[in-house]
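Visitor: Here it is: the structure, laid out below.
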Amino acid sequence: MLKNMKFETSVFSKNKIINTDLKQIVLVGKSNVGKSSFINTLSNNKHLAKVGNSPGKTKCLNFYNVNNDFYIVDLPGYGYSNMSKIEKENTSDLINYYIETNKNISHIFLLVDIRHNPTKDDRLMYDWLAQKGIPFTIIATKADKVAKTKIPEYLNNITKVLFAKENIIAYSSILKIGTAEIENIILNNTK
């Protein structure tokens, strides 16, 4: 559990991105993959990040301050959204600008749903992250929704679809599967 994690601000435009020397852990993933639940579990506060019923609500970067030591930054979900074409382009520009110009990103978590094959958008994000050279970890969310004995099979499938070389962490916000491992990655990348 990350102590004293607080929502700080939502950023909708490039010129409002927080100017800070604090390290940043970034969350990327499809809309509806469970990023808000992920934040709520890490903070031990189920009301910190709003969990939406309809995917694609987040159109901004959400900054969560952890004990004034580092930030967790939740990026807008991709792949499914009721956004207009212009909103999608603006959001995409904001994300690209944030990642391209930010020297304080120390780790990225790419969240995918364990139950489904990664999408074309997941593949594009994976390939993009692999090119960037920023350390990242793939998190397979909603592991409580599949039989425990089947988890390795599902993880293997994600590895094949993404052509991933990295280990994938099975995660459940409900059963807290993978939480300790994820917290270790965060703490090791924010020292």
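Derivation of every value follows stated rules applied to the coordinates shown; laboratory data play no part. Everything numeric in this text was worked out from a predicted model, so none of it was measured. All Cβ positions, glycine included, derive from the backbone under ideal geometry; neighbour counts span all protein chains shown.
Visitor: Taking H as built 1.01 Å from N, whose amide H comes closer than 5 Å to the amide H of G77, not counting residues under 5 places away?
Guide: T58
Visitor: To the nearest 20 debye, what charge dipole does the chain have about its Cα centre, counting +1 at the Cβ of each Lys and Arg and -1 at the Cβ of each Asp and Glu?
Guide: Using only the charged Cβ atoms, the result is roughly 340 debye.
Visitor: Can you check what the net charge comes to around K145, using other residues whose Cβ is under 15 Å from the Cβ of K145 (Lys, Arg +1; Asp, Glu -1)?
Guide: +2
Visitor: From the helices alone, meaning DSSP H stretches of at least four residues, give me the mean residue ellipticity at 222 nm for the chain, per-run term -39500 (n - 2.57), in deg cm²/dmol to the nearest 500.
Guide: Computed ellipticity for the chain at 222 nm equals -10000 deg cm²/dmol.
Visitor: Using mean Cβ contacts within 10 Å as the protection proxy, how do 117-126, 10-19 order, highest first?
Guide: Highest-to-lowest ranking by the protection proxy: 117-126, 10-19.
Visitor: Still on this structure, I have one more. Checking the cross-link filter: which lysines have an alpha carbon closer than 18 Å to that of K120, excluding same-chain neighbours under 8 positions apart?
Guide: K30, K88, K160, K165
Visitor: Measure off 7 Å from each Cα along the Cα-to-Cβ vector at D144 and K88, then give the distance between these two points in nanometres to one decimal.
Guide: Inter-label distance under the simple model: 3.3 nm.
Visitor: From the alpha carbon gyration tensor of region 41-153, can you work out the equivalent ellipsoid semi-axes (sqrt of 5 times each eigenvalue) and give them in Å, largest to smallest?
Guide: 23, 19, 17
Visitor: Also, quick follow-up: Let me know the volume per residue of the alpha-carbon convex hull for the chain, in Å³.
Guide: 110 Å³
Visitor: Quick check on region 57-179: of the DSSP beta bridges with both residues there, what percent are antiparallel, nearest 5%?
Guide: Here the share of antiparallel DSSP bridges comes out near 35 percent.
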